[in-house]
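Scroll down for the structure; my scribbles are underneath it.
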Amino acid sequence: DIQLSVAWSPQGDRLAVGSHTGQVRIWDVTTGELLHNVTEHWYGVNDLAWSPDGSLLASAGNDGSVKLWDAATGNLVATLEGHEANVWGVDWSPDGKQLASASSDGTVRIWDTTNKEMLSVLQGHDKPVLSVAWSPDGTQLVTGGYDQTVRLWDAGSSEEIVVLEGHTDIVYSVDW
């Protein structure tokens, strides 16, 4: 199987791996033991992100959903739905209370991870958004995608702050 995504737990003791077939595997890297093998996505896990405290794992799927997993048990906690196409990227806010997801539908959605509901939709990209990242202070987001732009957003108001143009190809990944 093709592995599409990998994420280390904040404590560095577990590794999550997402596959082309929709599986998410969580490994204990100190023992090499496979802790969990979950298959709720029907196809392709494009990105994974651990909550800051390591208690939850978010997965971005080609099925248009974001899934939240209990890292200790491997049980599905919630399915966040609203995107109309593949979800390519996920990232937790520094306080772990919100999650951002980037999609082929050209949007970024911000989710309340306590109530498992969508808070806002960031619209500005006119093509698939492949990556999203929170600022260290949780006040801003940065996104990139097929439209060859990097965009900076105010996380509180969902307003676009600046568009960085001039890239000559797709922006596959952003980070803060």
Of the conditions (1) of a type outside the set (S, T, N, Q); (2) closer than 15 Å to Thr143 by Cβ; (3) part of a strand (DSSP E or B), Asp105 fails just one. Which one is it?
(3)
Residue within the stretch 109-123 that is closer than 17 Å to Ser51 by Cβ, touching a Ser or Thr at 6+ places or on another chain (Cβ under 9 Å) and β-branched (Val, Ile, Thr) present:
yes
Can you tell me which residue within the stretch 7-52, out of those that are farther than 22 Å from Thr79 by Cβ and β-branched (Val, Ile, Thr), is least open to solvent (accessible area, probe 1.4 Å)?
Val29
(1) modelled with pLDDT of 95 or more; (2) more than 30 Å from Asp13 (Cβ to Cβ) all hold for Gly82 apart from (1)
Quick one: would you say Ala72 is open to solvent by less than 30 Å² (accessible area, probe 1.4 Å) and not β-branched (Val, Ile, Thr)?
no
Restricted to the stretch 143-174, and to residues that are farther than 25 Å from Leu119 by Cβ and in contact with a strand residue (DSSP E or B) (Cβ under 8 Å, 6 or more places away or on another chain), which residue is most open to solvent (accessible area, probe 1.4 Å)?
Tyr172
It is to be established whether one or more residues within the stretch 117-129 are over 24 Å from Val150 (Cβ atoms) and under 16 Å from the mean Cα position of the chain (by Cα).
yes
Based on what the data block shows, is Glu81 within 17 Å of the chain's Cα centre (by Cα) and not β-branched (Val, Ile, Thr)?
yes
So how many residues does the stretch 112-142 have that are without any contact (Cβ under 8 Å) to a residue 40 or more places away in the chain and open to solvent by less than 20 Å² (accessible area, probe 1.4 Å)?
3
Residue by residue through the stretch 79-111, note down the ones that are open to solvent by less than 10 Å² (accessible area, probe 1.4 Å) and either of a type outside the set (S, T, N, Q) or touching a helix residue (DSSP H, G or I) at 6+ places or on another chain (Cβ under 7 Å) (or both).
Leu80, Val87, Gly89, Val90, Leu99, Ala100, Ala102, Gly106, Val108, Ile110, Trp111
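The values are calculated or read from the model by the stated rules, or taken from the named source; none is laboratory data. From a predicted model like this one, the values you see are computed outputs, not experimental measurements. With ideal geometry, Cβ positions are generated from the backbone for all residues, glycine too; neighbour counts draw on all protein chains shown. Ligands, DNA and RNA are stripped out before the accessible areas are found, and what is left, the full protein with its side chains, is counted by its heavy atoms. Shrake-Rupley method; radii C 1.70, N 1.55, O 1.52, S 1.80 Å.
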